[in-house]
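Okay, so here's the structure we're looking at.
The values are calculated or read from the model by the stated rules, or taken from the named source; none is laboratory data. A quick note: this is a predicted structure, and the numbers were derived from the prediction, not measured. Note that we place each Cβ from the backbone using ideal geometry, even for glycine, and neighbour counts take in every protein chain shown. The area values use the complete protein model at the heavy-atom level, side chains included, leaving out ligands, DNA and RNA. Shrake-Rupley method; radii C 1.70, N 1.55, O 1.52, S 1.80 Å.
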Amino acid sequence: MRLTRRVSKGERHLVEEHQIEMNNWKQLKGSSAYPTEDRHMDSKFDVDRINHCGPDPLDVLDHVKINNTLESPMSTIRSVLNDSKDKDLSFTKEELKEAEGRLKVAFIEFYRKLHLLKHYRCYVNLLAFSKIMKKYEKIALRRAARSYMKIVDESYIGSSDEVTLLLDRVEGTFLKYFANSNRREGMKLLRPKRKREKHRITFFSGFFSGCSIALLIAVVLLIQARRVMAKEEHTMYMENVFPLYSLYAYIILHMLLYAANIYFWKRCRINYPFIFGFKQGTELSYQDVFLISTGLAVLALATFLVHLHMKVDSVNSVYKNYIELVPLGLLIVVLAIFSCPFNIFYKSSRFFLIRCVLRCICAPLYKVSLADFFLADQLTSQVQALRCIEFYICYYGMRWYQKEEKCHSLDLYNFFYIIVAVIPFWIRFLQCVRRLFEEKDWMHLCNGSRYFLTIIAVVVRTVFELKMDRTWKVLALVSSVAAILFNTYWDIVVDWGLLQRNSKNLFLRDKLAVSRRSVYFVVMVLDVILRLTWLQLVLKFNLRSLKGTAISSLFSCLEIFRRGVWMFFSRLENEHLNNVGKYRAFKSVPLPFSYYEEDDDNKDD
């Protein structure tokens with residue numbers, strides 16, 4: 001569809017500047033000062049090639065249309081409602097700012113790929129010729145590499161400056177229009193420096209880990225010394241305070257496993273920043289994630305130790321009414337740090353996570369990226385943490401903590417107790433539906449049916465946990481076994497890409513990131529065992545040392561551990577090998593517009 005509009009004076013001025021730059025470029029190519037890569041090449045060919053590289057700049061505006069990338073909820077809703085209303089080529093301030101941001105990212109990515117191309121042409125090709133000549137000398141028993149390599153160095157392959165000139169043009173254009181001619185700031189964006197490891201991160205990681213271990217020992221000794229678990233007046237307190245602080249235990253365990261995965265991804269040379277789409281130089285290393293997890297552990301354990309001391313040793317204190325607000329204060333501090341708008345505490349990573357969370361919540365209105373469904377998969381193992389957040393609302397928002405076991409005795413709380421557990425699986429189901437309609441791949445339908453079956457199993461299992469009825473026990477056992485079998489097969493065969501027929505590695509795939517094949521068999525058996533542990537919630541084996549919420553917390557930690565193993569062997573390793581093996585390791589940058597040309601037969605229509 002052709003879009004036309006009146007050209008403003010400012011746009012005409014930009015087009016005239018572009019025309020002047022094109023004329024200067026043509027004069028530079030035609031002058032003798034231009035370093036030609038091959039003296040035998042006709043210089044007139046280069047000038048003609050530039051003259052015919054595109055239409056007149058004023059005519060470009062007649063062939064531009066705005067791209068509808070379906071990346072926002074409103075654009076998705078309009079596409080579902082088949083809103084084909086023509087949109088004029090005009091921008092509001094917000095749209096213009098978004099278009100400028102996309103163009104900036106496109107320039108940076110184009111500049112990076114030009115550097116890769118230059119490296120390929122100037123290094124890889126010469127290296128290939130040298131290896132060929134080395135092999136030739138070995139077979140022919142004659143010395144000819146030096147003379148041949150001299151010819152190659154002086155040829156178009158070895159001395160071409162075309163990519164270098166394109167790099168200079170991209171630098172000049174980017175500095176002029178996106179950096180206000182500030183070369184220092186512009187080159188920081190075009191050539192971001194690699195993130196260096198800092199010694200203070202290692203120091204504080206060790207310091208916080210030592211402090212967290214000391215605080216954990218202090219908490220255990222205080223509970224044993226005051227005999228908190230043996231006194232009836234403190235039993236209800238421990239049952240209420242356990243889910244308030246276990247939320248941080250789940251998060252810290254997940255972060256430690258993520259740090260371990262980053263370490264092994266680097267050792268196996270898996271390009272996780274590219275797969276996740278992190279901005280270069282802002283991705284977190286395993287030292288950074290370990291520092292955050294240990295820092296959060298120190299903060300949570302110190303708060304719990306103070307809270308326990310005030311509750312047990314200061315029952316008749318005048319601050320009794322304020323003691324219960326200590327866990328709430330800790331939660332507010334953590335959320336304030338997480339959402340801090342200032343450029344501290346890894347701002348880019350925090351905001352990247354916030355954007356992914358919002359995109360997961362708004363599923364299926366946003367286009368699904370790997371980071372989105374990867375995060376949603378991680379949330380499926382944090383069901384108990386989400387229920388802890390629900391308990392926070394019950395404990396403080398409704399002020400039910402004053403009465404014994406008030407939350408689980410109310411139908412409203414039990415209803416949301418089921419809904420909260422279903423939310424992560426429902427998000428993944430909606431993401432699969434979105435990908436099914438976009439990619440037309442029926443594998444997403446099978447994946448979505450897997451999550452739908454898991455939703456049924458979770459609902460039935462939770463109802464049985466609340467009612468303890470024999471009929472619900474049979475239904476929970478059947479649905480849980482079906483979901484476990486389906487999910488286990490999908491983990492090992494589809495996500496991990498293992499158990500392939502006609503493979504060079506027995507019962508594995510052809511390419512493996514880990515050299516030891518026995519690791520994969522151990523992981524497969526471990527995944528099956530950890531999946532089956534959830535049947536304990538249905539079968540109710542007699543575990544004398546574990547009672548109440550301790551059992552569900554233990555199995556939640558095992559599920560988080562299983563998900564940590566899944567992180568490495570599923571999405572990242574398999575995705576990396578598919579990117580390399582199928583030659584799809586590239587980054588596509590969406591533009592706010594597209595240029596098209598009409599056929600001569602359609603121009604008169």
Count of the stretch 239-281 residues which are open to solvent by less than 40 Å² (accessible area, probe 1.4 Å) and among the polar types (S, T, N, Q): 3
Selection from the stretch 460-508 of residues that are over 23 Å from GLY564 (Cα atoms) and in contact (Cβ under 8 Å) with a residue 40 or more places away in the chain: ARG461, THR462, VAL463, PHE464, GLU465, LEU466, LYS473, ALA476, LEU477
All positions within the stretch 380-392 that are touching a residue at least 40 places away in the same chain (Cβ under 8 Å) and either buried (at least 17 other Cβ atoms within 10 Å of the Cβ) or not in a helix (DSSP H, G or I) (or both): THR380, SER381, GLN382, VAL383, GLN384, ALA385, ARG387, CYS388, PHE391
Residue, farthest from the chain's Cα centre (by Cα), within the stretch 337-373, restricted to residues that are part of a helix (DSSP H, G or I) and within 16 Å of ILE251 (Cβ to Cβ): ILE337
Complete set of residues in the stretch 301-319 that are at pLDDT below 70 and under 13 Å from TYR237 (Cα atoms): VAL315
Neighbours by Cβ (under 7 Å, 6+ apart or cross-chain): first from the stretch 360-379, within 27 Å of LEU558 (Cβ to Cβ); second in a loop (DSSP other than H, G, I, E, B) and open to solvent by less than 50 Å² (accessible area, probe 1.4 Å): ALA371/GLY277
Which numbered condition PHE437 fails, given (1) open to solvent by 70 Å² or more (accessible area, probe 1.4 Å); (2) among the aromatic types (Phe, Trp, Tyr); (3) not in a helix (DSSP H, G or I): (3)
Of all residues in the stretch 177-210 being closer than 30 Å to LEU301 by Cβ and hydroxyl-bearing (Ser, Thr, Tyr), the one that is surrounded by the most Cβ atoms within 10 Å (Cβ to Cβ): SER205
